[in-house]
Amino acid sequence: MGVAERGSGTRTAVGQPVDELETPALVLDLTTATRNIAFMAERFGELPARLRPHVKAHKCAELARMQLEHGAIGVTTATAAEAEAMAAAGLPDILVANEVVDPGGIERLIDAALRARVTVAVDDRTNLETLAERARAKGAVLGIVVEFDVGMGRGGARSAEEALAIGRAATDLAGVELAGLFGYEGHCASEPDLETRSREARASMERLLGVADRFRADGLPVRTVSAGATGTFPTTGSMPGITEVQAGTYVLMDRFHEPLTAGCGFALSVETTAISVHGDLVVFDAGRKAIGGDFGPPAGPDGGGEFAFIHEEHLGFRFPGGAPYRVGDRAALIPTYAPTTVNLFGAFQVAEAGQIVDVWPVLARHGDT
């Protein structure tokens, strides 16, 4: 088998075993990812809302296509660069669940809108007018969802009146088309207590749906009311009036989201090598630059070991009962937060039954485009 060099800096050989990869390597178990996608598609078959998965977690066109094949109505992105990459890969319907303000990002957004149906969030009249002007100049039309702050305190109009003013302005401008509303209940999406999380998510969505009612009463179109996350999809997706949910990390799954979403397995891992063993300490070659460390330290291999430290290229665990690894032994580590880990690599090494079957690029990382 020929060895191919991909943007990750990791040499891969399709057909070789995972445990022969140069480490650290980003490994996607295709069987588990497919099962996760099918699971979520089945769940949304029981809900009134449709699934528009967020691709910021995997940034991978191949996984996005699989989600569409399983019934997703389109994809969600966090950046204009992601939208541009997905449009270039042939994805037909894209929501940018974020404001795009810088000139370069706006140009990417418009270019994507010339290839696909692209909708973007706005919470500012001047930004809306700029988007409309640039779209008209290039002969494109951008869909618009007005973002409304449902409690997170990040982006979004802070009152129904403010949202209405932006919505009215969108209907008066050529180059843009008002689709409806967007709200993100991220402030409660990771609440560990299910009852509390469901109650807070429902309250957030009631606020969003109240603004949707105001839009309709004002004669504004509300085809789309977009919200949701992996941790809140059962509640958000069950509320009549929410038209689509942006769950995303379920495809890969990680330690952070696992307690929030029963039914999805770990499809993502970082293949590592033990590079130093001293007493009860085992050091692996996957530090902050390969597995990340936000939302808590990574768990030990197979859930064992006590976290000792994480540095740029080193990750240490202690095993009080005696180190079960020798120098050169391999271990697959499950990331704590998949979106960050994915963004550290240029490609997934796609595996089935322990063998590498393909290499899928990670698209639109910051600095790559």
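List of remarks:
- Residue match in the range 139-147 (condition: open to solvent by less than 10 Å² (accessible area, probe 1.4 Å), in a helix (DSSP H, G or I) and modelled with pLDDT of 95 or more): no
- Check on Val222, open to solvent by less than 30 Å² (accessible area, probe 1.4 Å), in contact (Cβ under 8 Å) with a residue 40 or more places away in the chain and more than 20 Å from Met40 (Cβ to Cβ): yes
- Of the strands (runs of 3 or more DSSP E) entirely within the range 261-369, those holding at least 1 residues that are open to solvent by 50 Å² or more (accessible area, probe 1.4 Å) occupy 268-278, 306-310, 315-318, 330-333, 347-352, 355-361.
Every residue, every condition in (1) within 19 Å of the chain's Cα centre (by Cα); (2) among the charged types (D, E, K, R); (3) closer than 24 Å to Val362 by Cβ, yes or no:
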residue	(1), (2), (3)
Ala38	yes, no, yes
Thr79	yes, no, yes
Ala89	yes, no, yes
Pro92	yes, no, yes
Val100	yes, no, yes
Glu107	no, yes, yes
Arg115	no, yes, yes
Leu128	no, no, no
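- For the condition assigned to a loop (DSSP other than H, G, I, E, B) and either surrounded by fewer than 21 Cβ atoms within 10 Å (Cβ to Cβ) or among the β-branched types (Val, Ile, Thr) (or both), Arg136 does not qualify.
- Matching residues, the range 55-70, being within 13 Å of Ile37 (Cα to Cα), open to solvent by 20 Å² or more (accessible area, probe 1.4 Å) and either in contact with a strand residue (DSSP E or B) (Cβ under 7 Å, 6 or more places away or on another chain) or of a type in the set (D, E, K, R) (or both): Glu62, Arg65, Glu69
- One residue alone among Thr77, Thr119 is within 18 Å of Leu252 (Cβ to Cβ) and surrounded by 17 or more Cβ atoms within 10 Å (Cβ to Cβ), and that residue is Thr77.
- Subset tally (residues that are among the hydrophobic types (A, V, I, L, M, F, W, C), modelled with pLDDT of 95 or more and either in contact with a strand residue (DSSP E or B) (Cβ under 7 Å, 6 or more places away or on another chain) or open to solvent by less than 20 Å² (accessible area, probe 1.4 Å) (or both)) for the range 189-208: 3
- Residue match in the range 331-353 (condition: modelled with pLDDT of 95 or more, small (Gly, Ala, Ser) and over 30 Å from Leu91 (Cα atoms)): yes
The values are calculated or read from the model by the stated rules, or taken from the named source; none is laboratory data. Model, not experiment: these values are computed from the prediction. Here Cβ is always computed from backbone atoms with ideal geometry, including for glycine, and neighbour counts include all displayed protein chains. Side chains included, ligands, DNA and RNA excluded: accessible areas come from the protein's heavy atoms. Shrake-Rupley method; radii C 1.70, N 1.55, O 1.52, S 1.80 Å.
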